[in-house]
Amino acid sequence: MSIENRFNKYDRSDMLENVLALPDQMREVWNSSSDFILSRPSAGSTLVICGMGGSAIGAVLIRDLVNKNSDFSVHIERGYLLPAYASANSTVICVSYSGNTEEVLTLFDEAVQRGCEIGVITSGGELGRRAAEANASVMNIRGGLPPRAAIGLLFTSLLRLVVNWGIYRITDEEFTELLKKARFIIKEITPGYNSKDNLAFQLSKKLYKKIPLIYAGDGLLKGVSYRWKCQFNENGKIMAYSNIFPELGHNEIMGWECPDNIKKNLFLIFLIDRDDHPKVQKRMQVTYSMLEKLAGDSVVIDSSWYGNNSGGRLERLLSMLILGDMMSVYLAVGRGVDPTPIEKIETIKKLLKMGES
């Protein structure tokens with residue numbers, strides 16, 4: 001069965017179309033986000049962004065994009081409690097695509113009680129209602145998608161904000177060119193493209209019956225490696241793990257002394273970027289040379305894999321986001337599963353609600 005026919009048979013909820021729509025999502029929000037206004041965090045302060053799952057990943061990517069330019073730090077809260085330092089002088093952004101995420105609603109209420117300046121990114125739901133009552137600044141985005149498939153809407157909402165703050169610089173014309181590049185990258189790895197040269201398709205075939213370990217440096221691709229892990233989990237319906245250099249060289253590396261029958265099932269993926277710290281680059285080179293012979297398979301993927309060695313940080317970040325998302329849907333249909341349903345996640349939510357009643 002051809003890959004196109006497999007998508008027709010198994011991708012019944014059109015996850016592929018959602019991945020292909022990334023540039024359109026980004027353009028949609030870029031053109032409609034002028035009313036999302038928050039005060040720029042002061043130098044030395046911490047911006048707190050609250051979110052879970054697919055709603056949080058945009059914040060993770062923004063943090064990695066701007067960490068070289070910002071004079072304030074970014075804390076991403078994925079629990080039920082704000083950090084102790086969050087106060088009336090703090091800016092808190094609550095992100096819930098559905099507007100009904102339990103943890104984010106709890107954090108929003110706490111931010112209101114502490115008198116924080118609050119921004120909200122949502123498609124509506126209970127969070128939208130509470131934000132209106134609290135007169136919080138709201139970025140209303142289009143609903144109806146799985147949160148992980150709304151990454152263009154969620155990421156660009158935050159991108160527009162940091163551009164307005166002067167933390168990241170990109171003009172409207174440069175943004176338009178960026179979207180052209182994103183569409184080119186997507187075209188290179190769609191099911192209709194030559195399968196022999198289609199990197200996403202070829203790597204997804206190698207992942208079949210393997211457990212991916214995604215390793216990256218602690219710079220631009222830190223959050224991307226986690227996004228890949230989550231997309232392999234949710235779309236591909238497989239176990240996957242990610243870790244970061246240099247920390248993994250002080251602990252996880254010893255796990256490679258596990259039995260050979262475990263190692264042969266591991267697919268080692270190194271994500272590299274030219275802005276990785278020189279010492280991190282050296283550690284990754286040394287570690288890969290040691291581990292590639294132990295894993296069942298391995299690959300090194302440069303953030304300029306699509307052929308533009310002069311691409312800026314945002315362009316390279318998007319290229320890796322697109323590649324991982326496409327790999328995950330190829331993996332799903334290759335395994336004969338629909339990438340969209342997330343029954344176990346929904347079951348947990350239902351059981352929690354039953355316990356409250």
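What the table shows:
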item	result
Residue match in the range 72-95 (condition: surrounded by fewer than 22 Cβ atoms within 10 Å (Cβ to Cβ), modelled with pLDDT of 95 or more, farther than 18 Å from residue 162 by Cα and among the polar types (S, T, N, Q))	no
Residue match in the range 46-55 (condition: under 30 Å from residue 341 (Cα atoms), touching a residue at least 60 places away in the same chain (Cβ under 8 Å), surrounded by 20 or more Cβ atoms within 10 Å (Cβ to Cβ) and in contact with a Ser or Thr (Cβ under 6 Å, 6 or more places away or on another chain))	yes
Members of the range 306-347 that are under 24 Å from residue 154 (Cα atoms) and of a type in the set (Val, Ile, Thr)	322, 329, 340, 342, 345
Total residues in the range 11-33, condition in contact (Cβ under 8 Å) with a residue 60 or more places away in the chain, surrounded by fewer than 20 Cβ atoms within 10 Å (Cβ to Cβ) and hydroxyl-bearing (Ser, Thr, Tyr)	1
Within the range 59-71, tally of residues that are in contact with a Phe, Trp or Tyr (Cβ under 8 Å, 6 or more places away or on another chain) and either among the charged types (D, E, K, R) or crowded, with 17+ Cβ neighbours inside 10 Å (or both)	5
Filter result for residue 325 (in the same structural domain as residue 248 (by TED's automatic domain parsing), over 26 Å from residue 69 (Cα atoms) and surrounded by 22 or more Cβ atoms within 10 Å (Cβ to Cβ))	yes
Search result, residues across the range 289-333 that are under 20 Å from residue 6 (Cα atoms) and in contact with a Gly (Cβ under 9 Å, 6 or more places away or on another chain)	327, 328, 329, 330, 331, 332
Residue match in the range 158-180 (condition: out of contact with any Phe, Trp or Tyr (no Cβ under 9 Å at 6 or more places or on another chain), assigned by TED's automatic domain parsing to the domain that holds residue 73, crowded, with 20+ Cβ neighbours inside 10 Å and part of a helix (DSSP H, G or I))	yes
Within the range 309-318, tally of residues that are in a loop (DSSP other than H, G, I, E, B) and within 20 Å of the chain's Cα centre (by Cα)	2
In the range 280-308, residue surrounded by the most Cβ atoms within 10 Å (Cβ to Cβ) [restricted to those that are out of contact with any helix residue (DSSP H, G or I) (no Cβ under 8 Å at 6 or more places or on another chain) and part of a loop (DSSP other than H, G, I, E, B)]	292
Residue selected from the range 181-200 under the condition of a type outside the set (A, V, I, L, M, F, W, C) and touching a residue at least 24 places away in the same chain (Cβ under 8 Å), by the criterion surrounded by the most Cβ atoms within 10 Å (Cβ to Cβ)	191
Residue selected from the range 143-152 under the condition surrounded by 18 or more Cβ atoms within 10 Å (Cβ to Cβ) and assigned to a loop (DSSP other than H, G, I, E, B), by the criterion farthest from the chain's Cα centre (by Cα)	145
Filter pass, residue 203 being part of a helix (DSSP H, G or I), in contact with a strand residue (DSSP E or B) (Cβ under 8 Å, 6 or more places away or on another chain) and under 25 Å from residue 311 (Cα atoms)	yes
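Let's see how each residue does on (1) at pLDDT below 95; (2) touching a Leu at 6+ places or on another chain (Cβ under 9 Å); (3) basic (Lys, Arg); (4) farther than 24 Å from residue 337 by Cβ:
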position: 230; (1), (2), (3), (4): no, no, no, no
position: 233; (1), (2), (3), (4): no, no, no, no
position: 245; (1), (2), (3), (4): no, no, no, yes
position: 251; (1), (2), (3), (4): no, no, no, yes
position: 272; (1), (2), (3), (4): no, yes, no, yes
position: 281; (1), (2), (3), (4): no, no, no, yes
position: 285; (1), (2), (3), (4): no, no, no, yes
position: 288; (1), (2), (3), (4): no, yes, no, yes
position: 293; (1), (2), (3), (4): no, no, yes, yes
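Yes/no per residue for (1) within 29 Å of residue 15 (Cβ to Cβ); (2) not β-branched (Val, Ile, Thr):
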site	(1), (2)
155	yes, yes
158	yes, yes
205	yes, yes
212	yes, yes
231	yes, yes
235	yes, yes
242	yes, yes
252	no, yes
262	no, no
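The values are calculated or read from the model by the stated rules, or taken from the named source; none is laboratory data. Given the structure is predicted, the values throughout are model-derived calculations rather than measurements. Positions of Cβ are backbone-derived with ideal geometry, glycine not excepted, and every protein chain shown enters the neighbour counts.
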